[in-house]
2 protein chains.
Amino acid sequence: MSDTPSSVQLGLPGRKPVISREDIIAAALKLLGPTRSVSTLSLREVAREAGIAPNSFYRHFRDLDELAVALIDLAGESLRQIIGEARQRATSKHSVVQGCADAFMDQLRADDRLLHILLREGTVGSAAFKHAAERQLSFFEDELRLDLIRLAKMKNSGLHEPALTAKAITRLVFAMGATALNLPEDKHAELTEQIVVMVRMIIAGTQALAASKTKNPA
Amino acid sequence: MSDTPSSVQLGLPGRKPVISREDIIAAALKLLGPTRSVSTLSLREVAREAGIAPNSFYRHFRDLDELAVALIDLAGESLRQIIGEARQRATSKHSVVQGCADAFMDQLRADDRLLHILLREGTVGSAAFKHAAERQLSFFEDELRLDLIRLAKMKNSGLHEPALTAKAITRLVFAMGATALNLPEDKHAELTEQIVVMVRMIIAGTQALAASKTKNPA
DNA sequence: GCAAATAAAATACAGTTGTCTATACACCTG
DNA sequence: CAGGTGTATAGACAACTGTATTTTATTTGC
């Protein structure tokens, strides 16, 4: 989307940048963990980790909020791609729900720290911060909504309020994922199972509501 | 639960405390808002707001984490009471779901800032911090579970995995509530409606799953 | 009144933060 | 080579942080 000023350095005068936006993002990711959230990062800390002077940070980002938004977008794109792959992979082997839940939790366990960001930092931080997180979530909802419609047609089953159904599933899964971050790994399997049942519940519910609507349209 | 050292001052020597735990909690609440979360509060700031010297804070709390846990517990108890009232009030007038959702959103709008804490701070902060939030959520789940069982018996409808159903509803409602905090007030009605439909979806789902289980026990 | 006890305040310290200013560096073009 | 240009650094500043130590204030029992 946004071309970094350092990616295309065609014949411009001046000293070459020794560091790129991506390097700073990578440094910020290195600092994150179960006890460190993006909103607790300091400019100096990130600069230190990236091996640059504090002031050099400003060459790449206006402020920490801009870094945070970049991280959120990155996390969203990354996770969407993984879930997308899981979706296609699952249609043949296991159920879609199970496949996506597994992929989700696998990613959680792998912990490239991107997922952490998306899961828990949407509720804190500045307005720009929250807006970016909401936007990424809405992307998920949209993709899921289309998938639900496709699935309902295929199975010839009802689907009450596709958008709301997608939203419910997305929010619930993310909320459950956020709690998983605080849990030891040996509880993850149990939690994955819980997520699967919950999602099945919502799907069964949307089908039931659709059925009762056609039967009782008043 | 825990008696404050200042609440019962029977014949002890020494200077009387000019400020109580509750005063500090109130000061902290005053500082919170849509842009300030508990985890961003500083000890000095709270002490300043409470009108005491920074060090005096330690007389009442070991550290900010202890304050945060107190705030979370307070928020949980407060909200549970309100939801409890809504539950009883709703059984006669409207549906239980609608009544509770309304009460929830009313409380959100009223913004005594307690709800904000519970909604969004469970995902950030120290381990003690998160644990306190999880505990409060589990209280909600438990109350809701009992209610669901009662309701299912009354209406003679099925109920697949009561605990999971309660957990799904709780987490989903809280997640939706958290997003409501970032929304302007004129969107709250729409969001309340969404929550109601979502909850109905889950309830319909748990009933459908229960029905399919009795039909197909294999 | 006096000593003990408790609470609060005053002072101080080392650390960190964001940002400003000035300066050194590396690179391209002429 | 010089000149310009964009990048990165160094140093400094005021503000803030949590906390340790010391001092003051206020209350009680004798």
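The values are calculated or read from the model by the stated rules, or taken from the named source; none is laboratory data. Predicted model only: the values in this text are computed from it and were never measured. FYI the Cβ positions are ideal-geometry reconstructions off the backbone, even for glycines, and counts take in every protein chain you see. Accessible surface is based on the protein model in full, side chains and every heavy atom, while ligands, DNA and RNA are left aside. Shrake-Rupley method; radii C 1.70, N 1.55, O 1.52, S 1.80 Å.
Summary table below
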quantity	calculated
Which numbered condition B:D112 misses (of (1) surrounded by fewer than 19 Cβ atoms within 10 Å (Cβ to Cβ); (2) assigned to a helix (DSSP H, G or I))	(2)
Scan of the stretch B:115-145 for residues that are assigned to a helix (DSSP H, G or I) and aliphatic (A, V, I, L, M), ordered by number	B:L115, B:I117, B:L118, B:L119, B:A127, B:A128, B:A132, B:A133, B:L137, B:L144
Residue match in the stretch A:82-98 (condition: surrounded by 16 or more Cβ atoms within 10 Å (Cβ to Cβ) and either touching a strand residue (DSSP E or B) at 6+ places or on another chain (Cβ under 9 Å) or within 14 Å of chain B (Cβ to nearest Cβ) (or both))	yes
Hits in the stretch B:175-207 - residues which are in contact (Cβ under 8 Å) with a residue 24 or more places away in the chain, open to solvent by 20 Å² or more (accessible area, probe 1.4 Å) and at the interface with chain A (Cβ under 9 Å from one of its Cβ atoms)	B:L181, B:N182, B:R200, B:I203, B:Q207
Within the stretch A:22-31, tally of residues that are more than 18 Å from the chain's Cα centre (by Cα) and open to solvent by less than 50 Å² (accessible area, probe 1.4 Å)	3
Test: B:R109 is more than 14 Å from chain A (Cβ to nearest Cβ), away from DNA strand C (no atom under 16 Å from the Cβ) and farther than 26 Å from B:L183 by Cα	no
Test: residue in the stretch A:153-160 that is open to solvent by 20 Å² or more (accessible area, probe 1.4 Å), in a helix (DSSP H, G or I) and within 13 Å of another protein chain (Cβ to nearest Cβ)	no
Hits in the stretch A:53-67 (condition: surrounded by 14 or more Cβ atoms within 10 Å (Cβ to Cβ) and within 8 Å of DNA strand C (Cβ to nearest atom))	A:F57, A:L64
The listed residue being out of contact with any Lys or Arg (no Cβ under 9 Å at 6 or more places or on another chain) and either closer than 30 Å to A:P17 by Cα or more than 16 Å from DNA strand C (Cβ to nearest atom) (or both), out of A:A75, A:A132, A:A70	A:A132
Some residue of the stretch B:20-31 being closer than 13 Å to B:E121 by Cβ and of a type in the set (D, E, K, R)	no
Residue in the stretch A:32-52 that is nearest to DNA strand D (Cβ to nearest atom), counting only those that are over 20 Å from A:R120 (Cβ atoms) and open to solvent by 50 Å² or more (accessible area, probe 1.4 Å)	A:G51
Selection from the stretch B:181-218 of residues that are basic (K, R) and in contact with a helix residue (DSSP H, G or I) (Cβ under 9 Å, 6 or more places away or on another chain)	B:K187, B:R200
Number of the exception - A:S138 against (1) touching a residue at least 40 places away in the same chain (Cβ under 8 Å); (2) more than 10 Å from every other protein chain (Cβ to nearest Cβ); (3) within 15 Å of the chain's Cα centre (by Cα)	(1)
